[in-house]
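A short write-up of the structure that comes next.
The values are calculated or read from the model by the stated rules, or taken from the named source; none is laboratory data. If you're wondering where the values come from, they're calculated on a predicted model, not measured in any experiment. Neighbour counts run over all protein chains shown; Cβ positions are idealised from the backbone, glycine included. Surface areas here come from the heavy atoms of the whole protein model, side chains and all, with no ligands, DNA or RNA. Shrake-Rupley method; radii C 1.70, N 1.55, O 1.52, S 1.80 Å.
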Amino acid sequence: MNPTTVIKLPFTRGAGWKELQRRRPSIAKLAFGLVLPMSLLPPVLLYYAGTHYGDAFAPGFGDREWRFITTILFLSELLTFFVMGWLIHTVANIADELSIDYQDAYLLAALAPLPLWSSSIVLLVPSLLLNVLAVLVALGISCSLVYQGLGALCARHGQDITTMSATYTIMAAGVMAWGLLMAIVWAY
């Protein structure tokens, strides 16, 4: 799959989704080939920011236990992938109009956080405002990925309202999980 097609995934139900679905990557392949390496980005870059920028990034930022925080963050990200795959499958199949199998649910669970993981690259710049903006943009793109992915990957396609409702439920749970992870970062 070429990079242009990957960039189009959050904005269309056609380009790339059927090709990904046709490839049918196993859950293990998704976990070890995509989720594991990409979920290393935020902890590594957060550790770098925490140990190099200190209080210049945010007050009290340099005094934290970054080894502990980033380890918990990494393990939480891996756990979140498995929980989100199950959640996507459950939420989509509750609605009579939508239907998705586990493989496609986990494909979507692996793709949805890619913008958030990628946005952590902005941690190389010691600007809290820039990092917050990058995360907000990435969150919007993740929501769009879930919405377009549900529309493209579900065996039975419901109305857009059903797809939006399922997306809202999935993203609300995802944002709560992400908020919990960020609370862990700031608490320690």
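What are the pairs with Cβ atoms under 6 angstrom where one residue, in the range 27-47, is in contact (Cβ under 8 Å) with a residue 40 or more places away in the chain and in a helix (DSSP H, G or I) and the other, located anywhere, is β-branched (Val, Ile, Thr) and crowded, with 18+ Cβ neighbours inside 10 Å? Sequence gap at least six, or different chains. Hits for this filter: 46/70.
With respect to (1) in a helix (DSSP H, G or I); (2) out of contact with any Gly (no Cβ under 8 Å at 6 or more places or on another chain); (3) open to solvent by 30 Å² or more (accessible area, probe 1.4 Å), the lone exception for residue 59 is condition (1).
In the range 63-89, the residues that are of a type in the set (D, E, K, R) form Cβ pairs under 6 Å with partners that are modelled with pLDDT of 90 or more and open to solvent by less than 40 Å² (accessible area, probe 1.4 Å), at six or more places apart or across chains, as follows: 77/39.
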